[in-house]
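The values are calculated or read from the model by the stated rules, or taken from the named source; none is laboratory data. This structure is a prediction, so every number in the text was calculated from the model and none was measured. All Cβ positions, even for glycine, are placed from backbone atoms using ideal geometry, and neighbour counts span all protein chains on display. Heavy atoms of the whole protein, side chains included, go into the accessibility calculation; ligands, DNA and RNA do not. Shrake-Rupley method; radii C 1.70, N 1.55, O 1.52, S 1.80 Å.
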Amino acid sequence: KIAQYFKEELETYDGVNVYMTRYDNTDTSLGTKGDGLRKRAQIAKDYGADLLVSVHCNSNETGTVRGAEVYYQNASLFHHDFHVQGEKLANGILSQFAALGITNRGARVMKSTDGETYEDGYLADYYTILIAARRAGIMGLIVEHAYLNNNDEYNEFLSSDDKLRNLGIADATAVAEHYGLRKKHSSDSDLT
């Protein structure tokens, strides 16, 4: 639902086309690991996407952790601008979440733990979706909105459609600000 609200809000801006690789959590037609994630990046490339965002809610073993975090592509020189711009956008998203009262757990990068490297010899990103997006020539992010298994946080930020809509709007607002997008006008008479 967050992704759908993100799409809905982002499409209120000029020059934006949003494509989804799935519309609900039960759609596993592309798979949810390895090859499925690479297929998502290929779909984004086929659409000519500038950005691939993987939308999530976090969980942990104890249920006591709170907050949001955004993963962006690492400092490899291979498409290095994705790292630079990704950090800016990740922090923009986290700033939007902070305005909603969500704890900022940080904009983060993680390097491969299996020795996989990019073309420049730098360790690849840890997450397959970020690797696949980068190799497809697309900036990628993973947005962890809040913790599903923290009861307080769930109730405060994830327990209703209105709260999920707020998260999707926060995502879209940060993307729009990052790219300098302007809202569409319903008619010329709306222009001042």
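Structure notes:
- Counted over the chain, the DSSP beta bridges are approximately 40% antiparallel.
- Residue-level accessible surface for Thr64, protein heavy atoms, 1.4 Å, Å²: 100
- Ligands, DNA and RNA excluded, the heavy atoms of Tyr122 present near 70 Å² of accessible surface to a 1.4 Å solvent probe.
- Accessible heavy-atom area order of Asp125, Asp152, highest first, probe of 1.4 Å: Asp152, Asp125
- Fully extending the segment from Thr117 to Leu148, taken as 0.36 nm per residue of separation minus the present Cα-Cα distance, adds 7.9 nm.
- Only Cα pairs under 8 Å and 6+ residues apart enter the sum, and on that basis the relative contact order of the chain stands at 35 percent.
- For the chain, adding -39500 (n - 2.57) for each run of n ≥ 4 DSSP H residues and dividing by the number of residues yields -12000 deg cm²/dmol at 222 nm.
- Among Gly63, Gly106, Gly168: highest mean-square fluctuation, GNM of the chain, C-alpha pairs under 10 Å: Gly63
- Label-to-label distance, nm, for residues given as Glu8 and Lys183 (7 Å Cα→Cβ offset): 1.6
- Rounded percent of accessible protein surface that carbon and sulfur make up, the chain, 1.4 Å probe: 46
- Normalised by 2.2 N^0.38 Å, with N the number of residues, the alpha-carbon radius of gyration of the chain equals 1.04.
- Accessible area of Arg40 in the full protein assembly, 1.4 Å probe (Å², nearest 10): 20
- Fluctuation leader among Leu130, Leu148, Leu77 - the chain, Gaussian network, Cα springs under 10 angstrom: Leu77
- Between the alpha-carbon centres of segment 39-65 and segment 67-129 there is a gap of 12 Å.
- Stretch gain in nm, segment Glu156-Arg108, where the contour uses 0.36 nm per residue and the Cα spacing is subtracted: 14.9 nm
- Selection from Asn60, Ala98, His79 lying farthest towards where the dipole of segment 1-143 points positive, charges on Cβ: Asn60
- Reachable lysines, given that their alpha-carbon falls under 19 Å from the alpha-carbon of Lys184 and they are not under 8 places away in the same chain: Lys7
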